[in-house]
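The values are calculated or read from the model by the stated rules, or taken from the named source; none is laboratory data. On a predicted model such as this, the values are computed, not experimentally measured, just so you know. Here the Cβ is made from the backbone with ideal geometry for all residues, glycine too, and neighbour counts use every protein chain on show.
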Amino acid sequence: MIRNLGDDDHSKPLRRLSVFYYGVGHMLNDITSACWFTYLLVFLTDIGLSPSDAAVVMLSGQVADGFTTIFAGELIDRFGHFKLWHAGGSILVAVSFSSVFGGCLPCKIFGSSSSTLQTVGYSTFAAIFNVGWAATQVSHMSMVNCITLNSTSRVVLASCRNAFTMVANLSLYAVAFIVFKIKTSGTPSDVENEYRWIAYISIAIGCCFVTIFHFGTEEPRLKQDVHAKGYVRISWTYWFKKLLYYQVALVYVLTRLVTNVSQAFLAFYVINDLQMTQSSKALVPAIIYICSFIVSILLQEITWTGNRLKAFYSTGGLLWLLCGAGIFFLPRSLSDLMYLLSIFIGIANALIMVTGVSMQSFLVGEDVHGCAFVYGSLSFLDKISCGLALCILESYQNSARELHSCSPTNSCFSVTRFGLGIVPAICAFVGVIVTCSMKLHAPTSKPLMEPLLV
């Protein structure tokens, strides 16, 4: 189990089992997030909502998530209790997520299926789900800096978490692939039934790993030890005076825009633009996350320095730039090349996500008594920016009927192609430019007492 450590122990490397217990703590969030970004917009439009109404539902959840991260970060910095916040958020996620994909509850209560009531109903549960999601995320990310003071070990924890994010995503797409193969989706009721099964199974898988996390990880006590030694909680203005805070914030937001926006439009792209089979909605993203998982595992074996973080992020960003161009110009007649592109997208996602998240730990350093604000504020910017980007793009989304008349040998430059190809590519390129301007202090210790690969 992860023990409550003193200052000397905090500088020591972590054992493999400790890294594992921490890494699985975000599985419920990750598997529901994968479903949220991959299938929510597709689900809502398939049951009859207009693209603009679907965008409102997505935005309501993102806004609720963003503001919750700010409040959760402040309260965690003041009072601690990481695991209590994590458990409460996980319960809220598990209870509310099935209602997001389980049909319009207010419509059943009032006996009406108007688009306005559907939008309000789905938006309400989307907001509740994201409140729980944010509480779990901020508490879990903040624990990194109280578990260890070793900067390289923090990167290992972030890498392990990213690896289990891939496991969560693969679990979702495996479930979705089976459901899409077995069940038919002729009517809105059939569509709701499909996604209800996906939601229930996803929640069950995620809750199992949350249980492992809570049994295997003890509440970090560093926050109380720090206060006992006469230190005070770091104020918000301390971070606002640091140039690195703005650089890391921008890179993190751009990284999340790359992964979330591309994930949200992937299903639309393979079905509407490339006209691939329904099962490709699960198979293509599964390939992406298999490759991301493999790369994330390999990244855990590296002894990290600031320059290596910058180099690996830049490699992933430039690789995404090439993938974005390929997606934008890929004609329907060569749709099978999407499987090849998926491999490189997966590699690029792992490189920018592991290093982008790890930059936050380099920013925090040993200032652990203000780390929750850092994670909360950066997550707030991430949620709001992603919500606005998806809302704007989805409002102008092309329908499948509009794209059906496109020539198989030519690319129809739809909103989906911009959302999946151009927007992530531009964000990745800007992220690389900002990353190259950073000054990151190098860690001094080895990452693990035991290698993860044997």
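Some notes on this structure:
- Hey, I182 surrounded by fewer than 24 Cβ atoms within 10 Å (Cβ to Cβ), modelled with pLDDT under 85 and closer than 22 Å to T277 by Cβ or not: yes
- Region 82-99 residues that are touching a residue at least 12 places away in the same chain (Cβ under 8 Å), paired with ones that are basic (K, R) (beta carbon under 8 Å, 6 or more apart): S98/R196
- Filtered residues of region 408-446 (kept if hydroxyl-bearing (S, T, Y) and modelled with pLDDT of 55 or more): S411, S414, T416, T435, S437
- Selection over region 309-340 of residues that are crowded, with 16+ Cβ neighbours inside 10 Å, outside any helix (DSSP H, G or I) and not small (G, A, S) gives a count of 2.
- Residue ID - modelled with the highest pLDDT, chosen from residues in region 146-161 that are touching a Leu at 6+ places or on another chain (Cβ under 8 Å) and either part of a helix (DSSP H, G or I) or closer than 29 Å to L59 by Cα (or both): C160
- Qualifying helices (runs of 4 or more DSSP H) (wholly inside region 8-110; at least 1 residues being surrounded by fewer than 22 Cβ atoms within 10 Å (Cβ to Cβ) and of a type in the set (F, W, Y)): 16-23, 51-79, 105-110
- Condition met for T303 (outside any helix (DSSP H, G or I) and in contact with a helix residue (DSSP H, G or I) (Cβ under 8 Å, 6 or more places away or on another chain)): yes
- From the list V226, V210, V232, the one residue that fits, being modelled with pLDDT of 85 or more and not charged (D, E, K, R), is V210.
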